[in-house]
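Undergrad: Take this structure first; my questions come after.
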Amino acid sequence: MFGLGVGAFVLLVAAYLAWSVLKLDAGNDRMKAVAAAIQEGASAYLGRQYKTLAPFVVVLLLIIGYFVGWLTAVAFLGGVLCSAAAGYVGMTVSVRANVRAAHAARSGLKDALSVAVRGGAVTGMTLVGLGLLGVCAVYGTFGDLNALIGFGFGASLISLFARVGGGIYTKAADVGADLVGKIEKGIPEDDPRNPAVIADNVGDNVGDCAGMAADLFESYAVTIIAAMLLGMALGPTYVELPLIIASVGALAGAAGVFFIRLGSSKNIMHALYKGVIAAAAIALVGFYAWFGTDMNLMLAAAIGIVVTGLIFLITEYYTSKDYAPVRSVAEAARTGAGTNLISGLAVGLESTALPVLLIVAAIAASYTLAGVYGIAIAAAAMLSLTGVIITLDAYGPITDNAGGIAEMSGLPPSVRKVTDALDAVGNTTKATTKGFAIAGAALGALALFAAFAEATQLTSVNVLNAGVVVGLFLGGLLPFLFASFLMKAVGKAAFEIVEEVRRQFREIKGLMSGKGKPDYARCVDISASAALRELMVPGFIAVASPLVVGFLFGAEALGGLLAGVIVSGFLLALFMANSGAAWDNAKKYIEDGKFGGKGSDAHKAAVVGDTVGDPFKDTAGPSLNALIKVVNTVSLVFAAAIAANALNLI
């Protein structure tokens, strides 16, 4: 009951925040027209995405019902609907908060920041509220932990497709717009003459808002579920403890949002971090009050909170233009695009070391305190802060869109100065929240892996077993193959956008001079069609791979696959996300006036690096989170069937 009550309360907070944003002035008619075009494109894409996925969902629903059980199938559908709703509600408010943030920027930084944060917080609070309500409702109604696994799989499925589809959409539009607009035509970002500019702004929302919301909704739900499954062997209290941790964290996150405000220093990043620090402190106090004398579990939960803070600091160091790694990438651009790319790759590779050491230390410490269950508790505590973390992520697309609306609406330079300051911080928060999501996926996947081992009665995974080695290599391969499909998808879709933008500049008279009107809708349609066309094959690979390996080679071989995909996917996701963010912020560091500033040779080289980095950080890298968790969740759903019916060919 406590979890249900907290979930309902957090949804009420989301409703209040949405009301407080939507009641604000949306600006002049030109601003409203630009915002309406973004809203229409984003809503149309999500609608098409859900219609495309509907047959796939129905087929899986029937398969789960027949082979696993109809309670699990019904819960699977619930997970699908809750995950889809979390992304849709958050994005719907974000595409309306953007124009209000642009208008508020007329009054200064403080007002614009408040609008962007509250708009982003709607996504965070909706996600957490629906997650808690969904898990508690399924558990309370069915009293069956297998049904909960179905709920988690439904969330995982939507997460996968939302991340993949949104990532392809946003980066196809972004890369296409940059290659023609910035490099070929030399016009500014968000210039209304660029036919791909609306598609680019739509992409920010379907990728970084709806996609990230579905991603972390899944991480949040499946981590709670995995911890509950591991608690079965310890007793009823331990089954419900993860729900208590999630509830306390949800309340702390809701409170943390209201701590985000500018101080006298006007430092935007510090203002945002105040919310995270406040939420973490409140959560720790809440955990201490609830755990009482069980200090081992209390310390395991505290480890999850500490990991959250440290992963933020590590990711910011490698991706913010305030620190040496990004500045070294910018300096490398002075000698051309080649050295800029080499430097960015090196930074991304190096950036994997500290997070891995951090996760290893967290696993070792939490296991020492409370065994495998301790690892699950640390993961649940980490993900309990998802509400305030998503606020920082969803803040980014709102401020990015606000800048675009200001540019396309011809607002004064003072407004664009405010939105640029907010957007610059938004790029860093999007990078740090990706680091959080990747680390959370790794810890959550370990808990799922442990639950799979219990379900199949695996006590060890013998790497001298040929079947295990086969699974291990296939698992290590999956993230690379998956990322390859997504990178190629972005490349093909961006090519279509480039050709279309070139055509419009060539055929529409007066477009470059500002007298002609671009066909924005055509670029929006190309991005949407490409994303929906390209997302099915990677999705099929993620769902089918564990089933093929499990039924052909057995549970132990599947255990090898899960181990391979967790380690390989975690490292590759970190590398790609951090490399891309480093290239992006290196470009922005040059645009601040360093190494010749905008238009210089260094800037042109950095734009190439940023173009390569876009699908790294916003498509392939983040989508690997979903791959890791989908593979583990599918394995858990079909664990009993695999244990009973595997052919064990090796």
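The values are calculated or read from the model by the stated rules, or taken from the named source; none is laboratory data. All of these numbers come straight from a predicted model, not from anything done at the bench. Neighbour counts run over all protein chains shown; Cβ positions are idealised from the backbone, glycine included. Ligands, DNA and RNA are excluded from the accessible area calculation, which covers all protein heavy atoms including side chains. Shrake-Rupley method; radii C 1.70, N 1.55, O 1.52, S 1.80 Å.
Undergrad: Order Tyr373, Tyr66 by their accessible area, 1.4 angstrom probe, all chains in place, largest first.
TA: The ranking, largest first, comes out as Tyr66, Tyr373.
Undergrad: Among residues other than Ala489 whose Cβ falls under 10 Å from its Cβ, what is the net charge (Lys/Arg +1, Asp/Glu -1)?
TA: Local net charge: +3.
Undergrad: Quick one: Karplus J couplings for segment 577-584, per residue in order, coefficients 6.51, -1.76, 1.60, θ = phi - 60°, nearest Hz, x for Gly and Pro?
TA: 5, 6, 4, x, 5, 5, 4, 4
Undergrad: Could you work out the per residue convex hull volume over the alpha carbons of segment 254-324, in cubic angstrom? Can you show the working numbers first?
TA: On the way: hull volume 6.8 nm³, N = 71.
Per-residue hull volume (Cα only) is 95 Å³.
Undergrad: Whole-Hz Karplus ³J(HN,Hα) for segment 560-572, in order, using 6.51 cos²θ - 1.76 cosθ + 1.60 and θ = phi - 60°, x for Gly and Pro?
TA: So the Karplus estimates, Gly and Pro as x, are x, 4, 5, 4, x, 6, 5, 5, 5, x, 4, 5, 5 Hz.
Undergrad: Compute the separation of the alpha-carbon centres of segment 248-306 and segment 334-408 and state it in Å as a whole number.
TA: Rounded to whole Å, the Cα centres lie 18 Å apart.
Undergrad: In the full protein assembly as shown, how much of Asp111 is accessible to a 1.4 Å probe, in Å² to the nearest 10?
TA: Probe radius 1.4 Å; accessible area of Asp111 about 70 Å².
Undergrad: On a 0 to 90 degree scale, rounded to 10, what angle separates helix 536-553 from the longest Cα axis of the chain?
TA: 20
Undergrad: Against the longest principal axis of the chain, how steep is helix 70-104, in degrees 0 to 90 to the nearest 10, with axes from Cα atoms?
TA: 20
Undergrad: Okay, next question. For segment 348-503, what is one quarter of the convex hull surface built on the Cα atoms, given in nm²?
TA: 14.1
Undergrad: Going from the alpha-carbon gyration tensor of segment 26-82, what semi-axes, largest first and in whole Å, does one get by taking the root of 5 times each eigenvalue?
TA: So the three semi-axes of segment 26-82 are 39, 11, 4 Å.
Undergrad: Another one. When all protein chains stay in place, what accessible area (Å², nearest 10, 1.4 Å probe) is found for Ser265?
TA: 80
Undergrad: Now, a different point. By accessible area of protein heavy atoms, probe 1.4 Å, what ranking do Arg503, Arg416, Arg334 get, highest first?
TA: Arg334, Arg503, Arg416
Undergrad: Would you mind classifying segment 235-372 by shape? Square roots of the alpha carbon gyration tensor eigenvalues, ordered a ≥ b ≥ c; an a/c under 1.5 is rounded, otherwise it is prolate if a/b is larger than b/c and oblate if not. Don't jump to the answer; show the numbers that get you there.
TA: Working: a/c = 3.79, a/b = 1.69, b/c = 2.24.
Here segment 235-372 falls in the oblate category.
Undergrad: Beyond 32 Å between alpha-carbons counts as too far, so tell me which of Lys266/Lys629; Lys430/Lys604; Lys182/Lys629; Lys430/Lys598; Lys171/Lys629; Lys51/Lys434 fall in that bin.
TA: Checking Cα-Cα distances, Lys266/Lys629; Lys182/Lys629 exceed 32 Å.
Undergrad: A follow-up question, please. Can you give the Rg to Rh ratio of segment 56-180, both from alpha-carbon atoms, with Rh computed by the Kirkwood formula?
TA: Values: Rg = 18.7 Å, Rh = 16.6 Å.
The Rg/Rh ratio comes out at 1.13.
Undergrad: Moving on to the next point. Take the alpha carbon atoms of segment 541-598, find their center, do the same for segment 420-446, and report the distance between the two centers in whole angstrom.
TA: Each part reduced to its Cα centre gives a spacing of 14 Å.
Undergrad: Could I ask something else about it? If I histogram all Cα-Cα distances within segment 524-631 using bins 5 Å wide from 0, what percent of pairs lands in each bin?
TA: P(r) for segment 524-631, in whole percents per bin: 2, 12, 14, 15, 14, 13, 10, 8, 5, 3, 2, 1.
Undergrad: If you don't mind, another one. From zero up to wherever the largest Cα-Cα distance of the chain sits, split into 20 Å bins and tell me the percent of pairs in each.
TA: P(r) over the chain, rounded to whole percents: 21, 56, 21, 1.
Undergrad: When the helix-only estimate is applied to the chain (DSSP H runs of n ≥ 4, each -39,500 (n - 2.57), divided by the residue count), what is the mean residue ellipticity at 222 nm, nearest 500 deg cm²/dmol?
TA: After summing the helix terms and dividing by the residues of the chain, the value is -29000 deg cm²/dmol.
Undergrad: Using a 1.4 Å probe and ignoring any ligands, DNA or RNA, find the accessible area of Met298 and quote it in Å² to the nearest 10.
TA: Counting only protein heavy atoms, Met298 exposes about 20 Å² to solvent.
Undergrad: Starting from the Kirkwood radius over alpha-carbon pairs of segment 201-264, derive D by Stokes-Einstein at 25 °C in a medium of 0.890 mPa s and give it in µm² s⁻¹. All intermediate terms of the calculation are to be shown ahead of the outcome.
TA: Working: Rh = 14.2 Å.
It diffuses with D of about 173 µm²/s by this estimate.
Undergrad: Here is a further query. Residue by residue through segment 463-471, what is 3J(HN,Hα) from phi via Karplus (6.51 cos²θ - 1.76 cosθ + 1.60, θ = phi - 60°)? Round to whole Hz and write x for glycine and proline.
TA: Computed from phi, the couplings for segment 463-471 are 6, 8, 7, 4, x, 5, 5, 4, x Hz.
Undergrad: Set Lys and Arg Cβ to +1 and Asp and Glu Cβ to -1, take the dipole of the chain about its Cα centre, and tell me which of Ala489, Ala85, Ile398 lies farthest positive.
TA: Value computed over the given set: Ile398.
Undergrad: While we're here: Rounded to the nearest 0.05, what FRET efficiency do Leu234 and Ala324 have when you use their Cβ-Cβ distance and R0 = 35 Å?
TA: 0.15
Undergrad: Now for a different question. Please express the shape of segment 573-650 as an equivalent ellipsoid: the semi-axes are the square roots of 5 times the eigenvalues of the C-alpha gyration tensor, given largest first in whole angstrom.
TA: 46, 10, 7
Undergrad: Accessible area of segment 315-391 with a 1.4 Å probe: how many percent of it is carbon plus sulfur?
TA: The nonpolar share, carbon plus sulfur, comes to 68 percent.
Undergrad: When the solvent-accessible surface of protein heavy atoms is calculated with a 1.4 angstrom probe, in what order do Glu500, Glu189, Glu40 fall, highest first?
TA: Glu40, Glu189, Glu500
Undergrad: If you take the Cα atoms of segment 151-240, find Rg, then find the Kirkwood Rh from the mean of 1/r over all pairs, what is Rg/Rh?
TA: We get a ratio of 1.31 for segment 151-240.
Undergrad: For segment 289-432, would you read off the P(r) tail past 21 Å as a percentage of all alpha carbon pairs?
TA: Values: 6147 of 10296 pairs.
Value for segment 289-432: 60 percent of Cα pairs lie more than 21 Å apart.
Undergrad: On to the next question. Give me the dipole magnitude in Debye, nearest 20, for the chain about the Cα centre, with unit charges on the beta carbon: positive for Lys and Arg, negative for Asp and Glu.
TA: I would put it at about 1220 debye.
Undergrad: Same structure again: Taking each pair of different alpha-carbon atoms in segment 464-566 once, compute 1/r for the pair, average those values, and report the inverse of that mean as the Kirkwood hydrodynamic radius in Å to one decimal.
TA: 16.5
Undergrad: Right, another one. Quick one: net charge of Ala530's neighbours, Cβ under 10 Å, K/R +1, D/E -1?
TA: Its environment carries a net charge of -1.
Undergrad: Could you compute the net charge surrounding Lys434? Neighbours are other residues with a C-beta less than 9 Å from the C-beta of Lys434; K and R count +1, D and E count -1. Can you show the working numbers first?
TA: Working: positive: Lys430, Lys617; negative: Asp393, Asp618.
Neighbour charge sum, excluding Lys434 itself: 0.
Undergrad: How many angstrom lie between the Cα centre of segment 127-186 and the Cα centre of segment 455-497?
TA: 20
Undergrad: In percent, how large is the relative contact order of the chain, given Cα pairs closer than 8 Å and 6 or more residues apart?
TA: Details: 1298 pairs, mean separation 140.3, N = 650.
Relative contact order for the chain comes out at 22 percent.
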